[in-house]
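Worksheet: one structure, shown below.
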Amino acid sequence: MKIAITHEIVFRTARSGGKGGQNVNKVETMAEGRWNIAASALFSEAQKQIIFQKLANKINKEGILIAQAQSARTQLANKQQVIEKMHHWIEQALTVKKARIATKATKQSKEKRLEQKKKHSQHKQLRQKPRLTD
């Protein structure tokens, strides 16, 4: 599920640390993407609420999802990383978890477990010193 939020992301650039040598000191390669979730036309209100709940630690007080990237040497590559991060986060947030269906243990598995317990008990009994009885 590829989400096309790219046109709603507002980018801001800054000087970045990391690789690049002297280039780091003069070129703004770090990219920060900001996406206003509430103003988005791509998702329903229910989906927006889910995104707000699941990504709460990545969303600021104004309701803006923020992602940063500065590992690449170029601004374009960092912007692409920001977009990929946001797509990944949103995809994960909107993925519905499959409900677990409770099942009972089979008769054979119960018997096997009890048999293992008996074996283990016997093994431990054999480790003990013999008791002298009067």
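The values are calculated or read from the model by the stated rules, or taken from the named source; none is laboratory data. Here the structure is a predicted model, which means the values were calculated and not measured. Glycine also receives a Cβ, built like all others from the backbone with ideal geometry; neighbour counts cover every protein chain displayed. When the accessible area is computed, the model is the full protein with side chains, heavy atoms only, and any ligands, DNA or RNA have been set aside. Shrake-Rupley method; radii C 1.70, N 1.55, O 1.52, S 1.80 Å.
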Under 8 Å by Cβ, and 6 or more places apart or on different chains, what pairs join a residue from the range 85-105 that is farther than 16 Å from GLY33 by Cβ with one that is open to solvent by 50 Å² or more (accessible area, probe 1.4 Å) and not in a helix (DSSP H, G or I)? LEU94/MET1
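I need the full set of residues from the range 48-62 which are loosely packed, with under 15 Cβ neighbours inside 10 Å and either among the small types (Gly, Ala, Ser) or outside any loop (DSSP other than H, G, I, E, B) (or both), in order please. Reasoning before the result, please.
Looking only at the range 48-62, we keep the residues that are loosely packed, with under 15 Cβ neighbours inside 10 Å, and these are 49, 53, 56-57, 60-62.
GLN49, GLN53, ALA56, ASN57 - these are the residues of the range 48-62 that are loosely packed, with under 15 Cβ neighbours inside 10 Å and either among the small types (Gly, Ala, Ser) or outside any loop (DSSP other than H, G, I, E, B) (or both).
Considering only residues that are under 22 Å from ILE90 (Cα atoms) and modelled with pLDDT of 70 or more, look in the range 4-21 and name the one that is least open to solvent (accessible area, probe 1.4 Å).
Pass one, the range 4-21, residues under 22 Å from ILE90 (Cα atoms): 4-12.
From what is left, the residues that are modelled with pLDDT of 70 or more are 5-12.
Details: ILE5: 0, THR6: 63, HIS7: 139, GLU8: 42, ILE9: 15, VAL10: 93, PHE11: 66, ARG12: 114 Å².
Among those residues, the one meeting the criterion is ILE5.
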Out of the range 76-113, which residues are of a type in the set (A, V, I, L, M, F, W, C), open to solvent by 80 Å² or more (accessible area, probe 1.4 Å) and within 16 Å of the chain's Cα centre (by Cα)? VAL96
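Given the criteria open to solvent by 90 Å² or more (accessible area, probe 1.4 Å) and touching a helix residue (DSSP H, G or I) at 6+ places or on another chain (Cβ under 9 Å), does ARG73 qualify?
The answer is yes for ARG73.
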